[in-house]
Amino acid sequence: MHISSPPKYITKQYWKDSWPELVGAKGTEAEATIESENHLVNAVIVKEGMFVTADFRCDRVRVWVNKRGIVTRVPVIG
């Protein structure tokens, strides 16, 4: 049987998992953007040089910031 389009009851949500466009932005603004674009995650601001756990969590995005509060790495889920 050939289906030209998926049945209405089959839906797939596509959530963002990385935010390269936020490098150079203010950390607090990045945090708000991430949580508004993917409400399944909790964005956490982390200062460069801080120790963090090595565990992977699909509901967390670390937002690495410098001393001025500017995002220095691409925020990704993990």
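The values are calculated or read from the model by the stated rules, or taken from the named source; none is laboratory data. None of these values were measured; they are calculated from a predicted model. Every residue, glycine as well, gets a Cβ built from its backbone with ideal geometry; the counts of neighbours run over all protein chains shown. Heads up: the accessible areas ignore ligands, DNA and RNA and are worked out on the full protein's heavy atoms, side chains in. Shrake-Rupley method; radii C 1.70, N 1.55, O 1.52, S 1.80 Å.
Here the accessible area of region 20-77 is 59 percent carbon and sulfur, with a 1.4 angstrom probe and all protein chains present.
Among residues other than THR33 with Cβ under 12 Å from its Cβ, the summed charge is -3 (Lys and Arg +1, Asp and Glu -1). Couplings 3J(HN,Hα) for region 63-78, derived from phi with the Karplus relation 6.51 cos²θ - 1.76 cosθ + 1.60 (θ = phi - 60°), are 10, 7, 10, 8, 4, 8, x, 9, 5, 10, 10, 5, x, 9, 5, x Hz, where x marks Gly and Pro.
Taking 0.36 nm per residue of separation and subtracting the Cα-Cα distance, full extension of the segment from ILE70 to VAL52 would add 4.6 nm. Remark: region 20-77 is approximated by an ellipsoid whose semi-axes, taken from the C-alpha gyration tensor as √(5λ), come to 16, 15, 8 Å, largest first. Within the shell of other residues whose beta carbon sits under 13 angstrom from the beta carbon of ALA54, the net charge comes to +2, with Lys and Arg scored +1 and Asp and Glu -1.
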